[in-house]
Amino acid sequence: MTQLSDLQTLVLRLAKGGIAAAGLRREVMLQHPHLTDSKYLSTLLALQDQHRLIGAEVTGVWVFTAVAEEDIESSKPEYSPQFAEMITAAECGNWQKIDPDEMIAELDAMIKKAQARKRKRSD
């Protein structure tokens with residue numbers, strides 16, 4: 001796992017049992033009065049990207065909750081690079097090259113047919 005900053009640690013500690021977004025912001029700003037909005041928001045986003053912090057609306061209020069370390073570990077995919085290669089190799093026979101110009105022409109023809117059917121129905 002990556003090393004957390006003091007600000008990230010504070011956010012996770014405050015959000016451990018769940019905290020309203022406004023309350024979290026107020027508590028963080030009390031302890032870090034010179035913190036900019038962009039730094040605060042980027043800290044929240046970074047924690048969410050790391051799956052350490054989740055947010056959800058609860059009875060009309062946005063609430064942040066810290067995710068336990070063991071839950072972060074258990075949410076990681078369990079596969080090996082060899083397994084990924086095996087899947088890729090198995091799928092290689094199913095690839096089909098698509099000519100974009102040909103695909104666009106087919107789509108244009110389909111649209112024209114659909115428009116013609118629509119005109120017939122409206123007549």
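A few comments on the model shown:
- Gain upon complete extension [residue 116, residue 56; 0.36 nm per residue less C-alpha separation]: 16.9 nm
- Within straight-line reach of residue 39, meaning a Cα separation under 30 Å, sit the following lysines at least 8 residues removed in sequence or on another chain: 16, 76.
- Here's how it looks for residue 53: its modeled amide H is under 5 Å from those of 48, 67, which are all 5 or more places away or on a different chain.
- Segments 115-123, 36-44, 20-28, 54-62 sorted - mean Cβ within 10 Å per residue, highest first: 20-28, 36-44, 54-62, 115-123
Throughout, read-outs are computed from the coordinates displayed, never taken from laboratory work. These numbers come from a predicted model, not from an experiment. So basically every Cβ, Gly included, is an ideal-geometry build from the backbone, and we count neighbours across all protein chains shown.
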